[in-house]
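The structure appears right after this line, and notes come after that.
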Amino acid sequence: MDYVTKGLEPADALRYFEELSRIPRGSRNEAAVAQYIYDLAKGLGLEAYKDEANNVVVKKPASPGCEDKPPLMLQGHTDMVCVKLPDCGHDFEKDPLKLEIRDGQLTAVGTTLGADDGVGVAMMLALLEADQKPHPPLECVFTVMEEIGLNGAQGLKKDYFTAKRMINMDCGGEDKTVVSTAG
């Protein structure tokens, strides 16, 4: 498969972002992206759960030397804002996004890019795949329907988690990334 971002860094996260961009993932249409994340996690030999709303939780054990560290939750949402130019024939229910590099920036042709929160999700997937990066036990939480009211997050069951620390990986997609924490 050819990647528009080939040769750019961080290569692993950008590769996952392109993979996500091929999966339609507007609010209420996250079943395919949830299955992609679940299957990827299982393929990596990780513990994964997918609930009836299509939220996915993936647990990765601590890297060697970090086993005594408390678990850390990383959270991002799988849905995106679906807006297109008036003359664009894109169907957000079934069409992949068409990505391109324009003026040195990654964009989507005629549509929103899906960087909110495709970037956060891609970064989490890259971390789940990486073996060389030291980390405590991770609980990666991929929620649905954030763009229409945090609906997926509201339905999560607390027994999925042991982490008492969380980093929200929600990304705006322009020239900045917002990372927040919650107790």
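The values are calculated or read from the model by the stated rules, or taken from the named source; none is laboratory data. Remember, it's a predicted structure, so these values are computed and weren't measured experimentally. In this analysis, Cβ positions are derived from the backbone assuming ideal geometry, glycine residues included, and neighbour counts consider all displayed protein chains. Just so you know, the surface numbers come from the protein's heavy atoms only, side chains and all, with ligands and any DNA or RNA stripped out. Shrake-Rupley method; radii C 1.70, N 1.55, O 1.52, S 1.80 Å.
Suppose every Lys and Arg Cβ carries +1 and every Asp and Glu Cβ carries -1, with no other charges. What dipole size does segment 21-152 come out with about its Cα centre, to the nearest 20 debye?
Roughly 200 debye, rounded to the nearest 20.
For segment 80-116 and segment 1-36, what is the separation of their C-alpha centers, rounded to whole Å?
Between the Cα centres of segment 80-116 and segment 1-36 lies a distance of 13 Å.
When the chain is modelled as a GNM with alpha-carbon springs shorter than 10 Å, which of VAL56, VAL141, VAL109 fluctuates the most?
Checking each option, the largest mean-square fluctuation is seen for VAL109.
Which ³J(HN,Hα) values, rounded to whole Hz and listed in residue order, are derived for segment 146-154 from phi using the Karplus coefficients 6.51, -1.76 and 1.60 in 6.51 cos²θ - 1.76 cosθ + 1.60 with θ = phi - 60°, glycine and proline given as x?
In residue order, the calculated couplings are 5, 5, 10, x, 6, 4, x, 4, 5 Hz.
Counting every Cα pair in the chain, what percent are over 23 Å apart?
Beyond 23 Å sits 39 percent of the P(r) for the chain.
Relative contact order for the chain using alpha-carbon pairs under 8 Å, separation at least 6, rounded to a whole percent?
Rounded, it is 30 percent for the chain.
Provide the per residue accessible area, probe 1.4 Å, for the chain, rounded to a whole number of square angstrom.
Per-residue value: 53 Å².
Under 10 Å, Cα contacts only: if you run a Gaussian network model on the chain, which one of PHE92, PHE142, PHE17 comes out with the highest mean-square fluctuation?
Largest GNM mean-square fluctuation: PHE92.
Just list whichever of LYS6/LYS42; LYS60/LYS98; LYS50/LYS164; LYS42/LYS84; LYS60/LYS157 have alpha carbons separated by over 30 Å in the model shown.
Too far apart for the 30 Å limit: LYS60/LYS98; LYS42/LYS84.
Under the Karplus relation 6.51 cos²θ - 1.76 cosθ + 1.60, θ = phi - 60°, what is the ordered set of whole-Hz ³J(HN,Hα) values for segment 82-91, x standing for Gly and Pro?
10, 10, 9, 5, x, 8, 8, x, 4, 10
Positive end of the dipole of the chain, charges at C-beta (+1 Lys, Arg; -1 Asp, Glu), about the Cα centre: which of THR112, ILE101, ASN29 has its Cα farthest in that direction?
The one lying farthest along the dipole's positive direction is ASN29.
Please give the net charge around LEU8, taking every other residue with its beta carbon less than 12 angstrom from that of LEU8, where Lys and Arg add +1 and Asp and Glu add -1.
Taking every Cβ under 12 Å from that of LEU8, the sum is -1.
In percent, what relative contact order does segment 81-146 have, based on Cα pairs under 8 Å that are 6 or more apart in sequence?
Worked out over segment 81-146, it gives 27 percent.
Under a plain spin-label model, where a point goes 7 Å from the Cα along Cα-to-Cβ, how far apart in nm are LYS42 and ARG28?
2.8 nm
Counting only protein heavy atoms and using a 1.4 Å probe, what share of the accessible area of segment 92-149 belongs to carbon plus sulfur, as a whole percent?
Exposed carbon and sulfur together represent 51 percent of the surface.
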